[in-house]
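Only one structure is covered here, and it is reproduced in the block below.
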Amino acid sequence: MFEKISVAMAASVFVVSSGVAFAQSDSSVAEQISRNGFLLENGLQIPAFDPVEGRKLFGSKGCIVCHSVNGIGGEDAPELSAEYMDDPMNAFDFAARMWRGANAMIMMQEDELGEQIEMSGEELASIIAFVHDADEQAKFSEDDIPENIAELLEHDED
Ligand code: HEC
């Protein structure tokens, strides 16, 4: 599943995603990464950053109960709209922000969702891709929120 590419190629992809013009062949590497992820020569895996998957996860994992995007969602926690994110965004900085807020967030999750949200690294990568993607966020609608989560959200708004 993971495509093995060199660190140099990976570095050039990050340059592409930061908006610096590069040859077109590089953008197809970027597209490949967003589909399949890749494996660095040192054995570390970079997961696929799939914003479409992230849109579904943002609803189904329950982030939406406390964080809003596109004007939808709870207001107990900072809004996570793409316009408030760094551009370019270091994905690990997003995870570091979650870590910083972890204490308050976990207590509140246990209180409102009944348990701490579990997720894999791949799922988190897709959530991060979604949070950074204004176009994908514009597609977020009530349809992305499963019933059990929607109930919590309504409860929260009372
Ligand atoms: C039950 C409520 C709740 C849920 C669910 C929740 N969060 Fe949070 N989150 C919070 C609170 C409260 C804070 C603020 C913590 C603080 O300021 O100390 C926070 C902070 C954050 C921050 C840091 C924001 C900043 O401005 O630095 C990020 C990023 C974040 N959450 C992402 C997520 C993601 C992604 C999910 C879903 C996987 C999620 N949260 C689910 C309550 C929640």
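Cα centroid separation, region 27-79 to region 114-152: 8 Å.
Given their separation in residues at 0.36 nm each and the Cα-Cα distance between them, R97 and E83 gain 3.4 nm when the chain is fully extended. Charge dipole of region 75-118 (Cα centre as origin; +1 on each Lys and Arg Cβ, -1 on each Asp and Glu Cβ, all else neutral): 260 debye, rounded to the nearest 20. Across region 97-103, rounded Karplus estimates of 3J(HN,Hα) from the backbone phi angles (6.51 cos²θ - 1.76 cosθ + 1.60, θ = phi - 60°) give 5, 4, 4, 4, x, 4, 4 Hz, Gly and Pro being marked x. Sorting the segments 124-134, 104-114 by their residues' average number of neighbouring beta-carbon atoms within 10 angstrom, most packed first, yields 124-134, 104-114. Restricting the calculation to Cα atoms, every distinct pair contributes to the Kirkwood radius of region 36-158, found to be 14.9 Å. Rounded to whole numbers, the Karplus 3J(HN,Hα) couplings from phi for region 65-70 are 4, 10, 10, 9, 9, 6 Hz, using 6.51 cos²θ - 1.76 cosθ + 1.60 with θ = phi - 60°, and x at Gly and Pro.
Computed from the coordinates by the stated procedures, all read-outs in this text should not be read as laboratory data. Predicted model only: the values in this text are computed from it and were never measured. Glycine gets a Cβ as well: all are built from the backbone with ideal geometry, and neighbour counts include every protein chain shown.
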